[in-house]
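I am attaching a structure below and will ask some questions about it afterwards.
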Amino acid sequence: MKIMSRLRRWRELYSQFSRFQDLYEEMKMLVAKPLVEQVRAKHRIDALEEVEFKVFSQWGDDGIIQWLVSHLPIPDKTFIEFGVDDYREANTRFLLMNDNWSGLIMDRSEKRIREIRSSDIFWKHDLSARAVFLDRSNVDGSIASTFQGEIGLLHIDIDGNDYWLWQEIKAVQPIIVIIEYNSVFGSERPITIPYQEQFDRPSAHSSCLYYGASIPAFCHLAGQKGYAFIGCNVAGNNAYFVRRDKLNDAVREVSVAKGFRLSKFRDSRDAAGRMNFLAGEKRADAIRGMPVFNVVTERMEKF
């Protein structure tokens, strides 16, 4: 009887917690309304950080996205986002809830995807959620089964083979591309980690600082795909690209020198997996000598 009583109590607590989360999200949405109007009213800006605000994004990307979708012609309100975890903190969640976009989200965790599918957001919105470990061989097919042709936005954040996956995507032609970059790689060399199908960030290097690609590498790939670099968020982890045929007087291409932002977050680990809060050049020193691929020369180098 005590066990049954405790189970009922846990169910009640879980129900209360879920309701609290829903109320908290509703409050965040209400508070964000005037912020949306403020950023949409801005026409010419010098840097994307001028329009940043956070609702569900990890940093200020919700504001940047709202500014972009209000200044670009996007007939098809659709998005794709990779690496969403439980989707509580994601760059497309506000688009889904505030602007009623449709989308496809993917994550390697089957548990997380089941949680998303069982949440209210899944039935309240036109959202597809799929558990898949994405690699070069399956990424385009995984997208093509849901979306093909022009879409509004693509966000890639998998802490690893980001460059190589974008290179393989041909099924869709997004107007906006957001991709996580590794600012520790700097703003000069067009480099990425060499492709490893089963890349795992903590296993690749204990510091967790060895992953992804540099801004110059992504700009090289963007040029091949017909995209222009328009800047980064101030946190220094997300780079923004817009299809060249959609650029206008408000949304303009910038140079790497102007758009690059160096991250200052200190999420590095020691050999035992404990956070050691490396900052500045110490982050680069931690992965010095690791192999990198130069996407311009197409040769292996050392960082």
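Every residue in segment 162-197 that is free of Cβ contacts under 8 Å to residues at least 40 places away in the same chain, in a loop (DSSP other than H, G, I, E, B) and more than 24 Å from ILE64 (Cβ to Cβ), please. Show your work before the answer.
Residues of segment 162-197 that are free of Cβ contacts under 8 Å to residues at least 40 places away in the same chain, as a first pass: 164, 168-171, 182, 188, 196.
Next cut, in a loop (DSSP other than H, G, I, E, B) only: 169-171, 182, 188, 196.
The answer is LYS170, ALA171, GLU188, GLN196.
Follow-up. Please work out which one of (1) touching an Asp or Glu at 6+ places or on another chain (Cβ under 9 Å); (2) free of Cβ contacts under 8 Å to residues at least 60 places away in the same chain is the condition ARG114 fails and give its number.
(1)
Name the single residue that is farthest from the chain's Cα centre (by Cα) among those in segment 212-225 being of a type in the set (Gly, Ala, Ser) and not in a loop (DSSP other than H, G, I, E, B).
Residues of segment 212-225 that are of a type in the set (Gly, Ala, Ser), as a first pass: 212-214, 217, 222-223.
From what is left, the residues that are not in a loop (DSSP other than H, G, I, E, B) are 213, 217, 222-223.
Numbers: ALA213: 14, ALA217: 17, ALA222: 16, GLY223: 20 Å.
By that ranking, first place goes to GLY223.
Also: Enumerate the pairs (first residue in segment 53-82 and crowded, with 24+ Cβ neighbours inside 10 Å; second residue anywhere and assigned to a loop (DSSP other than H, G, I, E, B) and basic (Lys, Arg)) with beta-carbon separation below 7 Å, excluding pairs fewer than 6 apart on the same chain, so at least 6 apart or on different chains.
Here the result reads ASP62/LYS54; TRP67/LYS42, each pair linking segment 53-82 to a residue that is assigned to a loop (DSSP other than H, G, I, E, B) and basic (Lys, Arg).
So LEU209 clears everything in (1) at negative phi; (2) surrounded by fewer than 21 Cβ atoms within 10 Å (Cβ to Cβ); (3) part of a loop (DSSP other than H, G, I, E, B); (4) not acidic (Asp, Glu) except one condition, right? Which one?
(2)
Right, something else. What number of residues within segment 250-278 are more than 18 Å from the chain's Cα centre (by Cα), under 19 Å from SER187 (Cα atoms) and not in a loop (DSSP other than H, G, I, E, B)?
Summing the residues that are more than 18 Å from the chain's Cα centre (by Cα), under 19 Å from SER187 (Cα atoms) and not in a loop (DSSP other than H, G, I, E, B) in segment 250-278 gives 3.
How do the pairs read when you match residues in segment 117-140 that are assigned to a helix (DSSP H, G or I) with residues anywhere that are small (Gly, Ala, Ser), using Cβ under 6 Å and keeping only pairs 6 or more apart or on different chains?
Every condition considered, the pairs that remain are ARG117/ALA129; ASP140/ALA171.
Yes/no per residue for (1) of a type in the set (Ser, Thr, Tyr); (2) out of contact with any Leu (no Cβ under 9 Å at 6 or more places or on another chain):
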| site | (1), (2) |
| --- | --- |
| TYR240 | yes, no |
| ARG244 | no, yes |
| PHE260 | no, yes |
| LYS264 | no, yes |
| ASP267 | no, no |
| LEU278 | no, no |
| VAL292 | no, yes |
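Can you tell me how many residues in segment 226-249 are in contact (Cβ under 8 Å) with a residue 24 or more places away in the chain and not in a strand (DSSP E or B)?
Total meeting the criteria: 8.
Computed from the coordinates by the stated procedures, all read-outs in this text should not be read as laboratory data. Owing to the predicted nature of the structure, the values given are computational and were not obtained by experimental measurement. Glycine gets a Cβ as well: all are built from the backbone with ideal geometry, and neighbour counts include every protein chain shown.
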